[in-house]
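The values are calculated or read from the model by the stated rules, or taken from the named source; none is laboratory data. Just so it is clear, the model here is predicted, and its values are computed rather than measured. Note that each Cβ is placed from the backbone with ideal geometry, even for glycine, and that neighbours are counted across all protein chains shown. These area figures cover heavy atoms from the full protein model, side chains too; ligands, DNA and RNA do not enter into them. Shrake-Rupley method; radii C 1.70, N 1.55, O 1.52, S 1.80 Å.
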Amino acid sequence: MWSTASSWWAHHHIRLLLPALFLAAALFFFLASPRSSPSFFALPASRYAPRPDLAYQVLLDSSWKLQIPRIGFSRREHSPSGSRLIWEQRRLAEWRPCEWWQTAMPAAPSTRNGYIRIDCYGGLNQLRRDLCDGIAVARLLNATMVLPKFEVAAYWNESSGFADVFDVDHFIEQTRGYVEVVKDMPEEISLKEPFKVDCRKQKGHFDYVETVLPALLQHRYISLTPAMSQRKDRYPSHAKACYCQGCYNALKLNKKVEAKAMELLQAIPKPFLSLHLRFEPDMVAYSRCEYSALSSKSLDAIEAARGEDRNVLVGDAAHLWRNRGKCPLTPGETAFILQALGIPTETSIYLAAGDGLMELDGFTSVYKNMYTKSSLLTHEDFERMHGNTKAALDYYVSVNSDAYATTFFGNMDKMVTAMRTMQGLQKTLVLSRRAFANYTAAGLAGDQLAKAMWDAHREDYIMGRGLALPEHCFCEFKL
């Protein structure tokens with residue numbers, strides 16, 4: 001009888017305790033909030049593994065209202081999969097430098113066909129593009145390369161040379177085994193001017209060996225300006241390897257410029273996003289796009305830069321052009337997209353840009369913590385610098401920033417994204433002008449437009465798309 005009573009008592013109380021235990025667990029799950037969450041700008045602990053840390057977070061609510069920065073996540077959002085912050089999305093693929101070109105290169109032939117000097121034109125990033133191509137061509141032609149010449153460019157207000165920006169000894173050391181580089185030539189060759197070979201206007205596929213080698217063999221010393229659109233995937237493997245090594249391992253800022261760049265980097269409050277924003281009068285004029293909501297000052301500046309052959313497109317041509325992503329994002333549109341991607345409005349932003357940006361108030365009215373090299377350097381330092389040195393500072397800060405975004409994918413952006421990839425820094429994004437144009441043309445605005453921009457950029461980010469990295473230098477890895 002006692003046994004039966006005990007059994008009844010235990011069974012009865014278990015029936016009462018089980019719902020209570022379940023309710024307690026449920027209350028703990030819904031009420032407990034995490035004390036920390038993955039970092040907004042968490043840098044990798046190893047080369048490719050992200051490291052959780054504490055930093056800014058942003059929560060966009062279910063109706064996609066903008067400008068609500070908060071710390072951490074609500075209980076109904078589970079980091080990282082439920083985060084509305086672009087950097088917290090789980091990536092499915094990423095790019096890394098291929099191993100094949102970093103292994104030992106087959107030795108170049110012991111005899112050379114002559115000397116080649118690469119002549120580079122434009123601003124720093126155009127110069128760098130030409131030099132990267134030239135390194136590959138030097139190996140392709142089995143030529144000894146002398147230090148490149150940076151041509152004086154009136155348009156860029158520039159007069160600095162290769163050694164004014166880059167570390168010469170590092171360049172020579174890092175290219176050893178790939179291509180021979182010398183500071184000096186034999187006197188009988190150095191006393192004469194090189195025979196000029198300009199390939200800039202070459203279009204389509206052409207063969208450097210067929211086109212340039214005869215001149216090298218005849219004159220023994222040539223200056224070469226590489227073609228602007230030559231496809232590197234058609235080079236033999238040893239030339240591709242020289243391109244990758246020369247471009248991504250051999251070009252280092254000289255000690256003086258690097259010291260100033262490090263000083264600038266240390267002055268920026270952390271964590272920070274480097275933003276390459278392009279909305280200068282000449283760029284907008286060159287795009288042939290119409291902007292009706294700009295100030296009269298900006299419109300006058302664009303008209304003055306337009307010239308006779310850059311009339312504004314109208315009608316169907318204008319709509320097609322804009323929907324192809326050919327029109328620069330305004331600073332206000334850029335701020336809108338960054339908010340849609342969950343970038344907190346109190347984030348420190350380093351503006352990697354030149355002079356003459358228009359409509360900047362549209363950005364700084366939202367993102368107020370903005371820094372530039374002119375605001376962080378002394379006036380004397382800034383005024384003494386050549387244009388290439390200023391560009392080198394933006395490049396260095398952008399490569400080493402916690403995150404990088406750009407509104408235009410030009411020469412600087414291609415180099416910055418590649419160098420960030422070399423270092424395993426994956427928080428890099430090209431803002432989509434095409435997506436913004438197509439969604440606004442479809443009538444989307446406000447929260448609907450923000451949601452659409454989030455979806456488009458999230459897809460690019462998690463799949464590692466949009467960086468246009470040279471596929472012979474970088475390989476895709478599925479995660």
Calculate, in nm to one decimal, what residue 293 and residue 202 gain on full extension: separation in residues at 0.36 nm each, minus their alpha carbon distance. 28.7 nm
Bins of 5 Å, starting at 0 and running to the largest distance - Cα pair percent for the range 189-298: 2, 8, 10, 11, 12, 12, 13, 13, 10, 6, 3, 1
Size of charge dipole - the range 374-479 - debye, nearest 20, with Cβ of Lys, Arg +1 and Asp, Glu -1, no other charges: 260 debye
Can you tell me the equivalent ellipsoid semi-axes for the range 409-463? Use √(5λ) from the Cα gyration tensor, largest first, whole Å. 27, 13, 7
Which number do you get for Rg(Cα) / (2.2 N^0.38 Å) in the range 353-437? 1.19
With every protein chain left in place, what is the accessible area per residue of the range 115-252 in square angstrom, probe 1.4 Å? 44 Å²
Just the number, please: carbon plus sulfur as a percent of the accessible area of the range 115-252, 1.4 Å probe, no ligands or DNA/RNA counted. 48 percent
Per q in 0.13, 0.17 1/Å, what log10 I(q)/I(0) does a Debye calculation on the alpha-carbon atoms of the range 115-252 return? -0.51, -0.91
Which of the lysines could be linked to residue 373 by a straight reach, that is with a Cα gap under 24 Å, when you skip same-chain ones fewer than 8 residues away? 252, 255, 256, 260, 270, 390, 414, 427
Setting aside same-chain residues fewer than 8 positions from residue 192, which lysines have a Cα under 28 Å from its Cα? 149, 183, 201
